[in-house]
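Scroll down for the structure; my scribbles are underneath it.
The values are calculated or read from the model by the stated rules, or taken from the named source; none is laboratory data. The structure displayed is predicted, hence computed values, not measured ones. Don't worry about glycine lacking a Cβ; one is built from the backbone with ideal geometry, like all the others, and counts go over all protein chains shown.
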């Protein structure tokens, strides 16, 4: 029994990793093609490769559920086509025991993806975004559509690029009064964090006084704020790239500032529940193999896997915005697609039994 379990689990684990590498490779190639339109004298093709290379861990974590689904369909399909599943069942293995053998490598892949998403992807994604933003700073056409926006009280903050060492580039501070009239605009070429404040360099300050303005320049300027390099780094990347241990406190900070925070909560629940999503999708794959796709072709299995994966993503994209608009708990929008996978898979397996 142990040898059979290691054989089935090992084959499925290798198949899932192979599918994951293939999907991530195609996605990276697509990202490179998309970035070609932004290439300029400052943002070269080498910068594109560096940016996409640093983003690979984030892409790997994102596609783990779909790789587990398609890998399970392909691996189990091979066993079914070669009658190995029939032999295993004839030797006394029930479908539930085979299912447990299948879930073990799937959960191992899910653990690998969660580890990458929790400890590696947040660091590399920040490096990717920082490198891209720094390379594009000289391209004025791109600078207006990139960077980080934040707010503290009546001051709106825009930063072109953030480095992990507590250094920022292209700082703009726009301050408004209670009547929403701009009272002050500050631009700084560079800023560095000094422990409890920022030291801005090469500063241009514009004061709006009634119908006139007064402009002054300074070599340095002290900026007292509660915004830290860590908070700016959180703003710089997609919420799905952040570790779960930072998402919940970040959501509470945004809530305290009166900013939108529910999308951060949604990212937290989706990342936390990803292993359950992987198990649910693999359960559907098992229900297909033990049911309608047992004697199907490899192309039909891959198509079924892609179709289920697309439907799962559509359901996530549907319930997520609905929860943000109508205000019901974000945990429900993360749980409902997973519950649908589990219920559908269990129903199909029970029906087959």
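Need pairs with beta-carbon distance below 7 Å; first residue farther than 13 Å from residue 74 by Cβ and within segment 1-18, second in a helix (DSSP H, G or I); sequence gap 6+ or separate chains.
From segment 1-18, the pairs are 4/88; 5/101; 8/101; 9/101; 9/104; 9/105.
Taking helices (runs of 4 or more DSSP H) that fall entirely within segment 37-96, which contain at least 1 residues that are at pLDDT 90 or above and surrounded by 18 or more Cβ atoms within 10 Å (Cβ to Cβ)?
Details: elements: 45-54, 56-81, 84-90.
Output list reads 45-54, 56-81.
Residues are listed down the side, and each one gets a yes or a no for (1) over 27 Å from the mean Cα position of the chain (by Cα); (2) at pLDDT 80 or above:
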| site | (1), (2) |
| --- | --- |
| 288 | yes, yes |
| 296 | yes, no |
| 309 | no, yes |
| 315 | no, yes |
| 319 | no, yes |
| 328 | no, yes |
| 332 | no, yes |
| 343 | no, yes |
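Here is a yes/no grid of residues against (1) without any contact (Cβ under 8 Å) to a residue 60 or more places away in the chain; (2) surrounded by fewer than 18 Cβ atoms within 10 Å (Cβ to Cβ); (3) within 21 Å of residue 81 (Cβ to Cβ):
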residue	(1), (2), (3)
267	yes, no, no
312	no, no, no
317	yes, yes, no
333	no, no, no
338	no, no, no
341	no, no, no
344	no, yes, no
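When you scan segment 236-251, do you find a residue that is touching a strand residue (DSSP E or B) at 6+ places or on another chain (Cβ under 8 Å), crowded, with 16+ Cβ neighbours inside 10 Å and either in contact (Cβ under 8 Å) with a residue 24 or more places away in the chain or outside any loop (DSSP other than H, G, I, E, B) (or both), even just one? Break it down into steps so the answer makes sense when it comes.
Taking segment 236-251 as the starting set, the residues that turn out to be touching a strand residue (DSSP E or B) at 6+ places or on another chain (Cβ under 8 Å) are 236.
Retained after the next criterion (residues that are crowded, with 16+ Cβ neighbours inside 10 Å): 236.
If we keep only those that are either in contact (Cβ under 8 Å) with a residue 24 or more places away in the chain or outside any loop (DSSP other than H, G, I, E, B) (or both) too, we end up with 236.
Yes, segment 236-251 contains a residue that is touching a strand residue (DSSP E or B) at 6+ places or on another chain (Cβ under 8 Å), crowded, with 16+ Cβ neighbours inside 10 Å and either in contact (Cβ under 8 Å) with a residue 24 or more places away in the chain or outside any loop (DSSP other than H, G, I, E, B) (or both).
Against the condition touching a helix residue (DSSP H, G or I) at 6+ places or on another chain (Cβ under 6 Å), at pLDDT below 90 and in a helix (DSSP H, G or I), how does residue 99 come out, does it pass? Before you say what the answer is, go through the steps one by one.
On the way: touching a helix residue (DSSP H, G or I) at 6+ places or on another chain (Cβ under 6 Å): yes; at pLDDT below 90: yes; in a helix (DSSP H, G or I): yes.
It is true that residue 99 is touching a helix residue (DSSP H, G or I) at 6+ places or on another chain (Cβ under 6 Å), at pLDDT below 90 and in a helix (DSSP H, G or I).
Quick one: would you say residue 111 is surrounded by fewer than 18 Cβ atoms within 10 Å (Cβ to Cβ) and either under 17 Å from residue 349 (Cβ atoms) or without any contact (Cβ under 8 Å) to a residue 12 or more places away in the chain (or both)?
On the way: surrounded by fewer than 18 Cβ atoms within 10 Å (Cβ to Cβ): yes; either under 17 Å from residue 349 (Cβ atoms) or without any contact (Cβ under 8 Å) to a residue 12 or more places away in the chain (or both): no.
Answer is no for this residue.
Quick check: is even one residue across segment 203-226 outside the structural domain of residue 34 (by TED's automatic domain parsing) and part of a helix (DSSP H, G or I)?
Among the residues of segment 203-226, not one is outside the structural domain of residue 34 (by TED's automatic domain parsing) and part of a helix (DSSP H, G or I), which makes the answer no.
Within segment 252-286, count every residue that is closer than 30 Å to residue 166 by Cα and either modelled with pLDDT of 90 or more or out of contact with any strand residue (DSSP E or B) (no Cβ under 9 Å at 6 or more places or on another chain) (or both).
Step one: of segment 252-286, the residues closer than 30 Å to residue 166 by Cα are 252-272.
With the extra rule that they be either modelled with pLDDT of 90 or more or out of contact with any strand residue (DSSP E or B) (no Cβ under 9 Å at 6 or more places or on another chain) (or both), the set shrinks to 252-256, 260-272.
Number satisfying all stated conditions: 18.
Which of the residues spanning segment 21-31 are more than 13 Å from residue 55 (Cα to Cα) and surrounded by 15 or more Cβ atoms within 10 Å (Cβ to Cβ)? I'd like the intermediate steps shown before the answer.
Here is the first cut: in segment 21-31, the ones more than 13 Å from residue 55 (Cα to Cα) are 21-23, 26.
The one that is more than 13 Å from residue 55 (Cα to Cα) and surrounded by 15 or more Cβ atoms within 10 Å (Cβ to Cβ): 23.
Is it the case, given these coordinates, that residue 34 is in a loop (DSSP other than H, G, I, E, B), out of contact with any helix residue (DSSP H, G or I) (no Cβ under 7 Å at 6 or more places or on another chain) and either surrounded by fewer than 16 Cβ atoms within 10 Å (Cβ to Cβ) or modelled with pLDDT of 90 or more (or both)?
Values: in a loop (DSSP other than H, G, I, E, B): no; out of contact with any helix residue (DSSP H, G or I) (no Cβ under 7 Å at 6 or more places or on another chain): yes; either surrounded by fewer than 16 Cβ atoms within 10 Å (Cβ to Cβ) or modelled with pLDDT of 90 or more (or both): yes.
So residue 34 fails the test.
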